[in-house]
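*Asks:* Got a structure for you, written out below as structure tokens; questions coming shortly.
The values are calculated or read from the model by the stated rules, or taken from the named source; none is laboratory data. This structure is a prediction, so every number in the text was calculated from the model and none was measured. Cβ: placed from backbone, ideal geometry, glycine included. Neighbour counts: every protein chain shown. Note: accessible area is taken over every heavy atom of the protein model, side chains too, but ligands, DNA and RNA are not part of it. Shrake-Rupley method; radii C 1.70, N 1.55, O 1.52, S 1.80 Å.
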Amino acid sequence: MAGSRLPRQLFLQGVAVVFMFAFASLYTQIPGLYGPEGILPARRTLRPQGKGRWQQLWETPTLLWEAPRLGLDTAQGLELLSLLGALLALGALLLSPLRHPVIYLLLWAAYLSACQVGQVFLYFQWDSLLLETGFLAVLVAPLRPASHRKEAPQGRQAGALPHEDLPFWLVRWLLFRLMFASGVVKLTSRCPAWWGLTALTYHYETQCLPTPAAWFAHHLPVWLHKLSVVATFLIEIAVPPLFFAPIRRLRLAAFYSQVLLQVLIIITGNYNFFNLMTLVLTTALLDDQHLAAEPGHGSRKKTATSWPKALLATLSLLLELAVYGLLAYGTVHYFGLEVDWQQHTIHSRTTFTFHQFSQWLKTLTLPTVWLGVASLVWELLSALWRWTQVRGWLQKLSAVVQLSLVGTATVALFLISLVPYSYVEPGTHGRLWTGAHRLFGAVEHLQLANSYGLFRRMTGLGGRPEVVLEGSYDGHHWTEIEFMYKPGNLSRPPPVVAPHQPRLDWQMWFAALGPHTHSPWFTSLVLRLLQGKEPVIRLVQSQVARYPFHKQPPTYVRAQRYKYWFSQPGEQRQWWRRQWVEEFFPSVSLGDPTLETLLRQFGLQDKSPPRTHSTNSTLAQALHWTRTQLSPLEAPTLLWGLLVAVGAVRVVQALLATCSLRSSPLARASGEKRRPAPQKDSGAASEQATPAPNPCSSSLRTTRRKK
């Protein structure tokens, strides 16, 4: 087992990147979603109930309780948290000393605080995944920065602490839970599209925000779509147990299969930071040896090995081949793969029933729990063995204290995670240890462990449902209100907006799946458009001049439900085609009894005055100035600008590191040893061969001359 120092660093940097994107994306949408004139004002979610300060904080864990003490309302406090979170994440990404448990704890606490007031717009699985991963980063981050340690004989760094790999194992367990549950729920939902292997014939055009590549993927042959569904089941259900394989080549094969799946999803769909987060989790399958963290490892000369080692290597190879063969046989057998050489296609179908799959799941779920237990016990024993190698009684005492604390936290988090994981199979859920249920119930509101299950059912089998808002001044002539990101204009290509998540556009997709009464926030959206509130208008069109009613709010607003389909390859300048289905929301105006009834029914009439706070405070003015400076930028531009800035800083850091390396006395001494002595009779040639002076070391030579 090779070390995991470099994968852990990649993981911590990846978590910082995702936090940076998540906070920056949320910041751009706060006024329209949660401001006093937003769709769901955040101030209504935090009402003091006369409880003690700490009890109130425990029951609703958010730092926004302290916003009034800073002279801010809840929305301004959320803006401050988002800005500070983005800056902290940026610092942790660029500066290794900031990859500290305290920094990641602050990032986790800030995002948890935002989720407490985010309401329906922050109820996505990737928000829960980010919270769970962010808390694991608190445990994975080292208490002291990694120094330049010497390499130990076993491939580990000298001075590495025994407990360092333990929390990182939880990242692997989280990746297993995420992928395995996502694959299983597709079949337990009894969705005919998944069982018929036709899900991808609908997915590319019915997903929330497709990319231009989704149009091309949608028009691939049906047999290839069905084969892709088979590959999805293989990667999400059969491959995840290999995350715990003792053979590193199996773990690396599992790693590349997961990367392939996530990259294909990124290309064809705008899923904000979710797929990036999943890629960050896959770092737990890597090791230092694979990432070339051990220089010269690959160039070592082959030495004769003893026969026990040769036998072990042979058995490992045979086991690896057996696993690949079993996966191939199972895929062919359970999905009836047959090659049609004449048509150059591969036919596939499910050859098992729902009852058979349910029995298989009952048989397998509990053993996967024991697989996790066995893998964790191995990690604990390995950490204990590493502790025995520590020299010095003081170092041993310090190491055992840290190992005890981290080991206890690791076991506790594993037990907590078993409860949401067992939701995939009710029988296993009921057989879990009652202590795990009590422990999970005590910390459930902190979202330290969550259940996952993406794409449970395929929607839009008869066409993609889409809600189109319309406004009018006279109630007879209607103008469509086009959103920036979701489908609307038939001739506009699908955008690429990841890693930004336009949360209103996402909720519009969910609203189209049912009646408007299932999405109470939609009534508030209609009200804000009738009132002409600019923060909400900027969620629809960041450039207000493009909004058709920017000069005067519409007198009437209504919504229609359409069904959208991707256009056919022969259609010129058309990305979509659509058909009207029904009225989604009736025509209303300000003061309309229908609108007032809906607002009262959903509790959206907030006539209570906002809590007093000083709008003239220095902090509030600074937040307003920052908002003014950043508002002209569209959210995807801002996020990609941050990424470009990070890349530029990385390049500068690499150049400075190269300069400092060249200017170091050790580097020059080694260079002089390797440089051959010039011949006496070739003065001109030796002058040409003399390297140009290094600008990075000129100041050092000048200092030496002075001395």
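*Asks:* Which helices (runs of 4 or more DSSP H) sit wholly inside region 179-228 and have at least 3 residues that are under 23 Å from the mean Cα position of the chain (by Cα) and within 30 Å of TYR423 (Cβ to Cβ)?
*Replies:* Here the list reads 200-206.
*Asks:* Okay, next question. When region 547-559 is examined, which residues are found to be closer than 23 Å to CYS208 by Cα and either aromatic (Phe, Trp, Tyr) or out of contact with any Pro (no Cβ under 9 Å at 6 or more places or on another chain) (or both)?
*Replies:* TYR547
*Asks:* Being in a helix (DSSP H, G or I) and at pLDDT 95 or above is true for just one of LEU57, LEU87. Which residue is that?
*Replies:* LEU87
*Asks:* Inspect all residues belonging to region 244-256 and state whether any of them is within 30 Å of LEU380 (Cβ to Cβ) and among the β-branched types (Val, Ile, Thr).
*Replies:* Within region 244-256 (the criterion being within 30 Å of LEU380 (Cβ to Cβ) and among the β-branched types (Val, Ile, Thr)), the answer is yes, since at least one residue qualifies.
*Asks:* Within the set of pairs 6+ apart or on separate chains, which have a first residue in region 458-478 that is under 30 Å from VAL229 (Cα atoms), a second that is of a type in the set (Gly, Ala, Ser) and open to solvent by less than 40 Å² (accessible area, probe 1.4 Å), and C-beta atoms under 6 Å apart?
*Replies:* Once the first residue is under 30 Å from VAL229 (Cα atoms) and sits in region 458-478, its partners that are of a type in the set (Gly, Ala, Ser) and open to solvent by less than 40 Å² (accessible area, probe 1.4 Å) give MET458/ALA193; MET458/ALA199; PRO465/ALA512; GLU466/ALA512; VAL467/ALA511; VAL467/ALA512; VAL467/ALA559.
*Asks:* While we're on this one: Could you check region 374-400 and list, in sequence order, the residues that are of a type in the set (A, V, I, L, M, F, W, C) and open to solvent by 40 Å² or more (accessible area, probe 1.4 Å)?
*Replies:* Result: ALA374, VAL377, TRP378, LEU380, LEU381, LEU384, TRP385, TRP387, TRP393, LEU394, LEU397, VAL400.
*Asks:* Right, next: Every residue in region 257-287 that is open to solvent by 10 Å² or more (accessible area, probe 1.4 Å), closer than 20 Å to ALA328 by Cα and under 15 Å from the mean Cα position of the chain (by Cα), please.
*Replies:* VAL259, LEU261
*Asks:* Spot the failing condition for MET458; the list is (1) modelled with pLDDT of 95 or more; (2) buried (at least 20 other Cβ atoms within 10 Å of the Cβ), and only one is missed.
*Replies:* Only one criterion is unmet by MET458, namely (1).
*Asks:* Could you list, in sequence order, all residues of region 229-256 that are buried (at least 20 other Cβ atoms within 10 Å of the Cβ) and among the small types (Gly, Ala, Ser)?
*Replies:* Within region 229-256, ALA254 is the sole residue that qualifies.
*Asks:* Can THR282 be described as modelled with pLDDT of 95 or more and either touching a strand residue (DSSP E or B) at 6+ places or on another chain (Cβ under 9 Å) or aromatic (Phe, Trp, Tyr) (or both)? Break it down into steps so the answer makes sense when it comes.
*Replies:* Details: modelled with pLDDT of 95 or more: yes; either touching a strand residue (DSSP E or B) at 6+ places or on another chain (Cβ under 9 Å) or aromatic (Phe, Trp, Tyr) (or both): no.
Judged against the criteria, THR282 is not a match.
*Asks:* Would you be able to tell me the number of residues in region 499-514 that are touching a residue at least 12 places away in the same chain (Cβ under 8 Å), surrounded by fewer than 21 Cβ atoms within 10 Å (Cβ to Cβ) and not in a helix (DSSP H, G or I)?
*Replies:* The number of residues fulfilling the criteria is 1.
*Asks:* Next question, about the same structure. What are the residues in region 390-429 that are at pLDDT below 90 and in a loop (DSSP other than H, G, I, E, B), if any?
*Replies:* VAL390, ARG391, GLY392
Residue by residue, here is whether (1) under 25 Å from GLU164 (Cα atoms); (2) open to solvent by 50 Å² or more (accessible area, probe 1.4 Å) holds:
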| position | (1), (2) |
| --- | --- |
| SER404 | yes, yes |
| ALA412 | yes, no |
| LEU418 | yes, no |
| TYR423 | no, yes |
| ARG431 | no, yes |
| GLY453 | no, no |
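*Asks:* Sticking with this one: Which ones in region 60-78 are acidic (Asp, Glu) and either in a loop (DSSP other than H, G, I, E, B) or buried (at least 23 other Cβ atoms within 10 Å of the Cβ) (or both)?
*Replies:* ASP73
*Asks:* Moving to a separate point now. Just to be sure before I move on: is GLN572 within 19 Å of LEU513 (Cβ to Cβ) and over 33 Å from the mean Cα position of the chain (by Cα) in the structure I sent?
*Replies:* No: the conditions fail for GLN572.
*Asks:* Among the residues of region 468-498, how many are in contact with a Phe, Trp or Tyr (Cβ under 7 Å, 6 or more places away or on another chain), at negative phi and surrounded by fewer than 17 Cβ atoms within 10 Å (Cβ to Cβ)?
*Replies:* Looking only at that region, the number is 4.
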